[in-house]
1. Rounded, prolate or oblate: which one fits the stretch 145-213, using the alpha carbon gyration tensor with axes a ≥ b ≥ c (rounded when a/c is under 1.5, else prolate when a/b beats b/c, else oblate)?
2. Among DSSP beta bridges whose residues both lie in the chain, state the antiparallel percentage, nearest 5.
3. Calculate the FRET efficiency for Ile393 and Ala287 from the Cβ-Cβ distance with a Förster distance of 35 Å, rounded to the nearest 0.05.
4. Give, as ranges by residue number, the residues of the stretch 356-372 whose backbone N falls under 16 Å from the point 7 Å along Cα→Cβ of Arg175.
5. If you bin every alpha carbon distance in the chain into 10 Å steps from zero, what whole percent lands in each bin?
6. Report the gain in length on full extension from Gln549 to Asp163: 0.36 nm times residue separation, minus Cα-Cα distance, nm rounded to one decimal.
7. Can you tell me the dipole magnitude for the chain around its Cα centre, using point charges on the Cβ only (Lys, Arg +1; Asp, Glu -1), in Debye to the nearest 20?
8. Okay, which of the stretch 577-610 sit inside 12 Å, backbone N to the point 7 Å along the Cα-Cβ direction of Arg504?
Amino acid sequence: MTGTTADTAPAAARPVVAIDRHGDIAVVTVDNPPVNALGQALRQGLWDAVGTLDADPRVRAVVLVCAGRTFIAGADVTEFGKPPVPPHLPDVVARIEGAAKPWIAAIHGSALGGGLEVAMGCRFRVAAPDAALGLPEVTLGIVPGAGGTVRTPRLTGVEAAVDLVTTGKPVRAPRAAAMGLIDAVVEGDLVEAAIAFAREALTRPLPPPVCQRPVAAPDASFWTEQERRIAKAAKGAVAPLRALACLRRAAEASFDAALAFERETFLDLRGSDQAAALRAVFFAERAAPRPAHLRDVAPLPLRRVGVVGGGTMGAGIAAALRDAGLPVVLIERDDAAVARGLANLTALFDGSVRRGRLTPAQAEARLAGVTATTDYAALADADLVIEAVFEEIGVKRAVFADLGRVCRADAVLATNTSYLDPRLVAEGLPHPGRFIGLHFFSPANVMTLLEIVPTPDTAPETLATGFALARALNKIPVQAGICEGFIGNRILKRYRAAAEALVRRGVPIAEIDAAMRGHGMAMGPFEAQDLGGLDIAFLQREGARQAGQDVPETLGDILVRAGRKGQKTGGGWYDYQPGDRRPQPSQAVTDLLAGQIAPGAAMDRAAIADHLVAEMAAEGEAILSEGIARAPSDIDLVEIHGYGFPRWRGGPMFAAARRAAVAG
Ligand code: 3H9
């Protein structure tokens, strides 16, 4: 790779765009760490490079390559809130496309958004085998703004372009080559391979620039079908449908007219609430794995991990660890439980095979990396052990007594408790600095949230190791203080109580669920309880009552006492027909709750959703003021990644702040 690296060169010695000449081929190297985002200096540098190289008679072709870990990863998202400064990206792309010499984009790492748009302005694109290419703009609430919707269908055809642009999902180089997005996948040194490609290309007539290539327009029924499909998947996010409209224009209008339409859509969406929310989530997600307060703390190495408990949660955690390549020791209390734990794990890996995420051979290798046993001595060499046994303090304490005996004094010991006080779980443990709460969400091999709960005794290295684990597992970590339910389940409790309070006021259960789905939640609060089971929270309340706490009777309690625990018992808040997960309003529930419900209150769905989200945000405020969460954005990440809150609303705290700002 040409160019200097960010780590070794002083800032002044490193131009954002450098030009080298290899005989008659020029190599333009972009060097704008960390991800070569298209800030103003880079746009200007590219603009100037076209002029310089067009004027250089020795140069016959230009290779565009990037230093560092990636090709251009897109527009500089930090510039989105500010007035645009020229040269604008569409003009830079047009200038590269109109250059007198053909440009060849040589792609490694990720060519995303504006980065792929720059590459599509080039006459050719070659990429390293592991490069990823994509147009993730819709995930930021916008559409591509520099020709992405207009040039992509000219390279790949409309159907593949719809997929790329409306999902925002990147594709790897081999797939990109198969769909026509790039011209070749090249092995070995990328610059040398791109120069060789350029020399070869110069021996033949050049293809036309992408803007001059034709695009076949599908008929109206294609667009109607796509609209229907995309609207359903978007659940209220507007960008995917607006991106589809741009693609349709690209297929049906001239290149220039489509480009103008795309730019207009881009500028319109860039200032929208949804884009602001999605940008906030984007930066919060990137900041989460490396919190500032742990910058100077080195995590402990994670080479071997133990999991105690092979139930749904323990098996899910073990699967997540294996997916990250870590060898796992799985401990259960007897041989039958070991067999059940292994069966749970096998079922998870088989599921991944069915969904095409793993080959059968990979699934077998994942399973082979698990040592399942009843013998705690197998944990003697573990760097980290995660306890995921029954949610009962005595059971958990017994596990930690064993772990305290067999594990190394520097092994991190974690509890996956979701409601118990981790301080009580750890009581009596030798070397308490190594203890921490790691709250996974079920299914743990799928859900991206990890609540990290230190106790007052937890050492900084232990906390840093929790974050390192999250990075290894590709999860979003959020640090939480100790309170009942930590961040997520505490807000959930308030949310459910507020929803029940609406039912008591006479708002129909199905209206509340529909309102929250309409708000963009994956599910409403009552249908979600039916799916997960009403008995778990009921048993917690009963436990608290038995311990002498004053816990008022909830409507859910009435249902559970009547045997209605959710889908698994054929009914909870709704009735269910056997084999059918669709909730049906229930006369039995109406009868059971009759004495508790006021005569019908009218409340429109938007007001229901606003009220419930405001309740979530109010609990979030309390959590912040008690120091349980470190920042509002942490609460938003918990809601988005753990509880199905719509990303495009930015989370309850973001929404509340936005609402307060608008109100004045
Ligand atoms: C676009 O292009 C619009 C155009 O169509 C139209 C224009 C007219 N801008 O993720 P990482 C920062 S929309 C600014 O940890 P990785 C990030 O915050 C854009 N900053 O690295 C972090 O900062 P810090 C479409 C950005 O190696 C640092 O870089 N593009 C941007 O795990 C490292 O990030 C995208 O949506 C950005 N665009 O992954 C691409 N991107 O060090 C989004 C990153 O201060 N980016 N930063 O915490 C990514 O997907 C990943 O960053 C990438 C690298 C895969 C590239």
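Taken together, the values in this text are just the output of simple stated rules run on the coordinates, not laboratory data. On a predicted model such as this, the values are computed, not experimentally measured, just so you know. Every residue, glycine among them, receives a Cβ derived from its backbone with ideal geometry; neighbour counts consider all protein chains shown.
1. oblate
2. The antiparallel fraction comes to roughly 30 percent.
3. 0.50
4. 356-359
5. Pairs per bin, as whole percents: 3, 13, 21, 23, 20, 13, 6, 1, 0.
6. 133.6 nm
7. 880
8. 596-598
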